[in-house]
Amino acid sequence: MPVTLKEILSLPSLEKARVAAGFKSLSKPVRWVHICDVPDAENWVKGGEFLLTSAISFGHDPDLQEKLIQRLSDKKVAAIGIAVGRYIDKIPENIIKKANSVDLTLVEIAWDIPFVDITREIGEKIIGSELMLLEKMEKFRNQLMDVALSGEGLGLLAQTLSQLISNPCFIVNEHLQIVIYPTDFGTKETEIKKLLGAFSKSNRSQDLIKGEDKKSSNILDDRGEKIGAFAPIVAQGDLP
């Protein structure tokens, strides 16, 4: 799972920081940390950053302040950490109001907290999380590869995948008819049919049938015979 803004704010270097705006957005993922002190900061971010600034470039220009908040929000920055105590004494109210209007989190950081400590801790947190994910993915891949090479067929593959993702995994053909399903996972047949019925009405089901589903290009075959495709279904995103 991506590191969230709430997790970032619990790091030692930020334990005394104050959230000044954007309280509803603390579950946002933070992809990286960046320091930027130029008035066109939006040109130096990609989205998802915890952006640190001393406010030297916009500290006393209300119009620029609000425009910058809007532009950084448009670039999907996760949060802005503003150092106070030198160029500005506190985050101005107009910035707070603007940030709240676009759900952008502002974090007030004391001037004596070195940015180098913040960037190091955030970087270590994000890299550590990504390494854990890679290790988990490698473990999953090895387990699935062992099953695939065992020659036991797609039934065991569906069963193993269901256990790994803690959700039932069933394989359907081009007509969205169930070909293989792990029978001991506990989901009732009526629930499966309801899920498939809703999925069949979505645009994605047609892409799957045509082999154009960008979320899943995994063609399944059983000992050389094509029987369908595997498509992970996320209920909130795929059901109409």
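Laid out as a table, the results:
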read-out	value
For peptides 17-24, 156-163, 128-135, sequence by mean Cβ density within 10 Å, most packed first	156-163, 17-24, 128-135
Amide hydrogen neighbours beyond the local backbone of Ala55, cut-off 5 Å, H modeled	Ala83
Bins of 5 Å, starting at 0 and running to the largest distance - Cα pair percent for the range 37-76	5, 26, 36, 25, 8, 1
Rounded to 5, the percent of DSSP beta bridges in the range 5-123 classed as antiparallel	20 percent
Modelled FRET efficiency - R0 22 Å, Glu152 with Leu131, Cβ distances, 0.05 increments	0.10
Förster radius 35 Å - calculated FRET efficiency between Gln143 and Phe115 (Cβ-Cβ, nearest 0.05)	0.25
Glu42, Glu93 arranged by Cβ crowding within 10 Å, fewest neighbours leading	Glu93, Glu42
The range 5-123: C-alpha pair distances exceeding 21 Å, %	26 percent
Reference-scaled alpha-carbon Rg (2.2 N^0.38 Å with N residues) for the range 67-131	1.27
Length-normalised contact order for the range 1-144 - Cα pairs under 8 Å, 6+ apart - percent	31 percent
Sequence ranges 105-115, 143-153, ranked by mean other-Cβ count within 10 angstrom, highest first	105-115, 143-153
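Just so you know, all these numbers are worked out from the coordinates, no wet-lab data involved. Quick caveat, the model's predicted, so the values are computed rather than measured. For neighbour counting, all protein chains shown are included, and Cβ atoms are generated from backbone atoms with ideal geometry for every residue, glycine included.
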